[in-house]
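What follows is a single structure, and I will ask about it in a moment.
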Amino acid sequence: MEISTTDQDIEANALDMAVAALCSRIARYTERGEMHITAVPGLSLFRREEPSGPTSGMYEPSICMAVQGAKRVILGDDSFVYDSHHYLITSVHLPTIVQILEASPEKPYLGLRLKFDLKEISQLMVDSNLPQPRQQSSRGMATGEVTQQIVNAFARLIDLLDDEKDIPILAPVIQREIIYRLLVGDQGERLRQIATAGSQSQHIAKAIGWLKSNYSQAISMEELAALTNMSVSTFHHHFRSLTALSPLQFQKQLRLQEARRLMLTERMDAAAAAFQVGYESPSQFSREYNRLFGAPPLRDISKLREMVVAA
């Protein structure tokens, strides 16, 4: 009895082969460490040989792929899992909780991230005559289906690392192709939305930028709303729709992540870090820190330092 091979099977096999080839490229460049910031602007490669516990992190406008293994990203009450068949796209800066789900020494987690330049996306929309986005202020993070075209483009981008003199000329061309593939793909609407001048999402992105630069200051909802040319209620609705967080929750996560960095890298004590990022009460800081990171400041930082020494 003959077994017929459908076009769908052929496409799936071709995609799996392309992903395997991309895996070997990333594995080669991450043999000596968990993260490799490449000579290609905005491109980083990652490796992890064991699952991780939940950790905080700020996701920038970017595409992330897990070409081997899987990762979970928690944004507010939403959870996104991406793996070799699903990419993660982020259209604005978002504070998240991340966790490596699948990784081992024999089959490590291998991933990549390419940061977006929103001005380039906007220009490509104009050059390609793409339609204006229909939806307004949907979530600023989503997963999409990996395609062979995207995988092949990333493989060619990484291949440039073998001869870095080609990067200034060829990398922008390949990056432009990747962005185009995303713009016309199943999550292109989100990218087009944030890059469209005057869109509600772009106005919210302006407020997010202000919060990132002024996280230690007291928030005035009226001033933030005025920055976006919206009423307070409309601003609050669209902010939560895009980020899955209220502006106050967003600011709180920014403050706690920065305090963690200050304690870990600059060896500040918890009280000093709390005041530095805008808290008036060390006890409130400790409670909220424990709630976000799963341990009080001293215990959490001690554990992180032990992990660094062990590595």
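Loop only per DSSP, at most 16 neighbouring Cβ atoms within 10 Å: give me the trypsin sites (Lys or Arg not before Pro) in segment 1-52, ordered by residue number. Present the calculation step by step, with values, prior to reporting the outcome.
Details: sites: ARG25, ARG28, ARG32, ARG47, ARG48; in loops: ARG32.
Sparse-neighbourhood loop trypsin sites (Lys or Arg not before Pro): ARG32.
Is there a quick way to get the dipole size of the chain? I mean about its Cα centre, with the Cβ of Lys and Arg at +1 and of Asp and Glu at -1; what is the value in debye to the nearest 20? Walk me through the intermediate numbers first.
Values: 32 positive and 36 negative charges, 221 e Å.
That gives the chain a dipole magnitude of about 1060 debye.
Okay, helix-only estimate at 222 nm for the chain: each DSSP H run of n ≥ 4 adds -39500 (n - 2.57), divide by all residues, round to 500 deg cm²/dmol; what do you get? Don't jump to the answer; show the numbers that get you there.
Details: 12 runs with 156 residues, N = 311.
Per the formula, -16000 deg cm²/dmol.
Continuing with the same structure: Looking at the chain as a GNM with Cα springs under 10 Å, which of THR243, THR90, THR234 has the largest mean-square fluctuation?
Highest fluctuation among the options: THR234.
Please list, short to long, the whole-number percent of alpha-carbon pairs of segment 249-310 in consecutive 5 angstrom bins beginning at zero.
Per 5 Å bin, starting at zero, the Cα-Cα P(r) for segment 249-310 comes out as 4, 21, 34, 26, 11, 4, 1 percent.
Pulled fully out, how much extra length does the chain show between ASN214 and GLU189, if you take 0.36 nm times their separation in residues and subtract their Cα-Cα distance? Don't skip to the answer; put the middle values down first.
On the way: separation 25, 0.36 × 25 = 9.00 nm, distance 2.96 nm.
Residue separation times 0.36 nm, minus the Cα-Cα distance, leaves 6.0 nm.
What percent does the relative contact order of the chain come to when contacts are Cα pairs within less than 8 Å and at least six residues apart? All intermediate terms of the calculation are to be shown ahead of the outcome.
Numbers: 496 pairs, mean separation 48.2, N = 311.
Across the chain, relative contact order equals 15 percent.
I need the helices of the chain that pass two filters: whole DSSP H segments spanning 30 Å or more by Cα along the axis, and mean Kyte-Doolittle score no lower than 0.0.
Numbers: long enough: 7-29 (34 Å, 0.17).
Once both thresholds are applied, what remains is 7-29.
Would any residue of segment 84-112 have its amide N under 19 Å from a label point 7 Å out along Cα→Cβ of MET17? List them or say none.
Only 85 pass the distance filter.
Something else about it: Along the positive direction of the dipole of the chain (beta-carbon charges: Lys, Arg +1; Asp, Glu -1; about the Cα centre), which of SER199, LEU160, PRO51 reaches farthest?
SER199
With 18 Å as the limit, write out which pairs from LYS71/LYS252; LYS212/LYS252; LYS119/LYS252 have Cα-Cα distances beyond it, or answer none. Before the final figure, lay out each step's value.
Values: LYS71/LYS252 24 Å; LYS212/LYS252 11 Å; LYS119/LYS252 29 Å.
Pairs exceeding 18 Å: LYS71/LYS252; LYS119/LYS252.
What is the chain by shape, rounded, prolate or oblate, if you read a ≥ b ≥ c off the alpha carbon gyration tensor as root eigenvalues and call it rounded for a/c under 1.5, prolate for a/b larger than b/c, and oblate otherwise? Walk me through the intermediate numbers first.
Numbers: a/c = 1.95, a/b = 1.28, b/c = 1.53.
It is oblate, given that a/c is not under 1.5 and a/b is not larger than b/c.
I've got another one for you. Only loop residues by DSSP count here, and only those with at most 12 other Cβ atoms within 10 Å; note down the GluC sites (Glu not before Pro) in segment 23-72 that meet that. Numbers along the way, then the final one.
On the way: sites: GLU31, GLU34, GLU49; in loops: GLU31, GLU34, GLU49.
Of the GluC sites (Glu not before Pro), the ones in loops of segment 23-72 whose Cβ has at most 12 other Cβ atoms within 10 Å are GLU31.
If each residue's Cβ is checked for other Cβ atoms within 10 Å, how do MET125, MET65, MET17, MET221 rank with the fewest at the top?
On the way: MET125 21, MET65 26, MET17 12, MET221 15.
Ranked by crowding around the Cβ, least crowded first: MET17, MET221, MET125, MET65.
For the chain, set up a GNM with springs between Cα atoms under 10 Å and report which of GLU60, GLU145, GLU266 has the largest fluctuation.
Top of the fluctuation ranking is GLU266.
Multiply the residue separation of LYS206 and SER231 by 0.36 nm, subtract the distance between their alpha-carbon atoms, and state the gained length in nm to one decimal.
On the way: separation 25, 0.36 × 25 = 9.00 nm, distance 1.52 nm.
Length gained, LYS206 through SER231: 7.5 nm.
Values in this text are rule-based calculations from the coordinates and carry no lab data. Quantities reported herein were computed from a predicted structural model and do not represent experimental measurements. In this analysis, Cβ positions are derived from the backbone assuming ideal geometry, glycine residues included, and neighbour counts consider all displayed protein chains.
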